[in-house]
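Colleague: This structure is in structure tokens; I'll ask about it shortly.
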Amino acid sequence: MDVDRADNRTPNQLRPLACSRNVLNRAHGSAKWSQGDTIVLAAVYGPKAGTKKNENPEKASIEVIWKQKTGQIGIRHPQPPLSYNRYAMWKEEKEYEMILKRTLQSICLLTVNPNTTTSVILQVVNDDGAVSFWLYSHIDIVILYFVELNHLYTMQLNSKVEILLEHVKIFSDVCFCSFLDNNLTQLLPCAINAACVALVDAGIPLKHLAVAICCGLAESGTVVLDPTKLEEQNMPAFTYLVFPNSVLSVLPEGTLHVDGKPMEYGIITSVTHGVMPVDSYFDCLERGRSACAKLSDFLRRNLQSKDPNNPSKTT
Amino acid sequence: MVMEVEEEEVIVTPGEILGKTTTFVPGRGAYAAPNKTIHASLCGRRSIISASPNSPDQKPTIEVTGHKAHGPIPEPGSIVLARVTKVMPKMASADIMCVGIRPKSVKEKFTGIIRQQDVRATEIDKVDMHLSFRPGDIVKALVLSLGDARAYYLSTAKNELGVVSAESLAGATMVPISLTELQCPLTGQIEQRKVATKAGEKQLTTGNQSST
């Protein structure tokens, strides 16, 4: 069953990838990871002395700071009109920080530099251009703000916007789109990939690399790889999967078997939004694993390149 | 004694299997996994260092070299150079500047604490911190432990550990005249310190000496 995608990709096709290392001078390690129009910049500082209050001083600790895109200079983006919505966004950012922290902790060798903290700062450079807007209604005029590809447009419409308002929750004289609740979608896999490359660039010892992918379940039941933000908002369910990089070895093939079975690392992180049948989830795992093998090759090629500043690209 | 180093051109990435623990010993940039395989933990070139003839384990060491390394980090047992920032009756705090016998400067700020009982090996209860260190002194110390979240615990309880450089009130670098005294070359004023003896140099006497 085929799925029509806005950018004419097949369900198994990933968006173009690009990765640059060592892009910041002051950071100990940095990387910029792009998947289509989604761009995340990661900076690593440390290891710094001491761990936080609830951390184990016998091990190194990871601190993750998520910085959302604030918009272009000189253009004032509309703020979320209600304080609870701002709180929801803050809560979601904290949730993403926790997911990232746990993922990065699982790939780092925490016993090497005990009682130290490594800070990973993730800055969203560009979301994938999806529309996110608030509506302010005043009597007969609706002023529609929407942000698309970093440009702010203001439109005045008549009060006949019933079709649009079907998807909008109304609170007194302020309206805003319901899909804002998922403001950070599609950024997580990009952020994990960027953070992983930045950690390598900083010389932080890792057990292995991690590669992340997003798999979505279309309404038709088809599994779609690497959906855009707009696609995700129309999906009943999607999942973020993080796998270790594919095993490469200098040893002969037969030695990579434990008890006669091939040695595999398994899965590092899985975050699911929405309701998904078990069969579809396993299908996502299978598709995600094969996609991550390609991502892993791309990541390895990038890390093995002589010039870290030269952004390697693939389509 | 020259150790043979065999370095490969291919760049390895974290997680790649470099060998087995039955054949190699994991060195810098490598770690041993529970299934007896050695994996790379850094991005760089795989190099094999042959074992020294007098080592008990004759396995060669496998390392990942040529990577961008983060700054050195103090760990228990390492020798550090630190600048004293604050002296209190029971302890002195210092900022660690360099780590290792061949000192490498740290990139981040690491704080150390020298407790009263760790200043010298004898008569530890009679130590006067203000007569052992002053703010601004450069101290050679041993890292005892990771300490708490705020600072590392340092010790100067050996002859070769203690103040290696200090400025007098006149602004000149003082010279050691005994294990407990430094003298200003300009004014001749003597100040009390816990002085470090330089390795290979004639031992400083414990009594007062007049400089001639």
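Colleague: Within 10 Å of each Cβ in B:31-43, how many Cβ atoms from other chains are there, averaged over the peptide?
Modeller: Numbers: counts 6, 0, 3, 0, 3, 1, 7, 2, 6, 5, 9, 6, 12.
Partner Cβ neighbours, averaged per residue: 5.
Colleague: How would you rank A:208, A:273, going from fewest to most other Cβ atoms within 10 Å of each one's own Cβ? Please list the in-between numbers first.
Modeller: Values: A:208 24, A:273 16.
Ranking A:208, A:273 by Cβ neighbours within 10 Å, fewest first, gives A:273, A:208.
Colleague: With r as the distance between the Cβ atoms of residue A:220 and residue A:95 and R0 = 25 Å, compute the FRET efficiency 1/(1 + (r/R0)^6) and round to 0.05. Please list the in-between numbers first.
Modeller: On the way: r = 29 Å, r/R0 = 1.17.
Efficiency for this residue pair is about 0.30.
Colleague: Kindly rank A:291-299, A:279-287 from highest to lowest mean number of other beta carbons found within 10 Å of each residue.
Modeller: Numbers: A:291-299: 19.9, A:279-287: 16.2.
Descending mean neighbour count gives A:291-299, A:279-287.
Colleague: Among B:63, B:181, which comes first, then next, by fewest other beta-carbon atoms within 10 Å?
Modeller: Values: B:63 24, B:181 20.
Ascending Cβ contact count within 10 Å gives the list B:181, B:63.
Colleague: If amide hydrogens are placed 1.01 Å from N in the peptide plane, which non-local residues have theirs closer than 5 Å to the one on residue B:51?
Modeller: B:61
Colleague: Further question on the same structure: Roughly how crowded by other chains is peptide A:109-120, in terms of the mean Cβ count from those chains within 10 Å of each of its Cβ atoms? List each step's numbers first, then the result.
Modeller: On the way: counts 5, 0, 1, 4, 4, 4, 12, 7, 2, 1, 0, 0.
Shielding by partners across A:109-120 averages 3.
Colleague: By count of other Cβ within 10 Å, fewest leading, how are B:104, A:32 ordered? Working shown, then result.
Modeller: Details: B:104 11, A:32 22.
With the fewest neighbours first, B:104, A:32 line up as B:104, A:32.
Colleague: What nm value, rounded to one decimal, do you get for the distance between residue B:105 and residue A:279 when each label is placed 7 Å out toward the C-beta?
Modeller: For the pair residue B:105/residue A:279, the computed spacing is 6.5 nm.
Colleague: Using R₀ = 25 Å, calculate the FRET efficiency as 1/(1 + (r/R₀)^6) where r is the Cβ-Cβ separation of residue B:175 and residue B:83; round to 0.05.
Modeller: Working: r = 19 Å, r/R0 = 0.77.
For R0 = 25 Å, the calculated efficiency reads 0.85.
Colleague: Quick one: work out Rg over Rh on the C-alpha atoms of region B:79-204, Rh as Kirkwood radius.
Modeller: Values: Rg = 13.8 Å, Rh = 14.5 Å.
Checking Rg against Rh, the ratio lands at 0.95.
Colleague: Evaluate peptide B:11-24: per residue, the Cβ atoms of other protein chains within 10 Å of its Cβ; return the mean as an integer. Intermediate results must be reported in sequence, preceding the final value.
Modeller: Details: counts 5, 5, 13, 16, 14, 9, 8, 3, 4, 2, 0, 0, 1, 0.
Mean partner-chain Cβ count within 10 Å for B:11-24: 6.
Colleague: If each residue of separation counts as 0.36 nm, what is the full-extension length gain between residue B:32 and residue B:121 once their alpha-carbon separation is subtracted? Show your work: numbers first, answer last.
Modeller: Working: separation 89, 0.36 × 89 = 32.04 nm, distance 3.84 nm.
The span from residue B:32 to residue B:121 would gain 28.2 nm if fully extended.
Computed from the coordinates by the stated procedures, all read-outs in this text should not be read as laboratory data. Just so we're clear, the structure is a prediction, and the values are computed from it rather than from any experiment. Glycine gets a Cβ as well: all are built from the backbone with ideal geometry, and neighbour counts include every protein chain shown.
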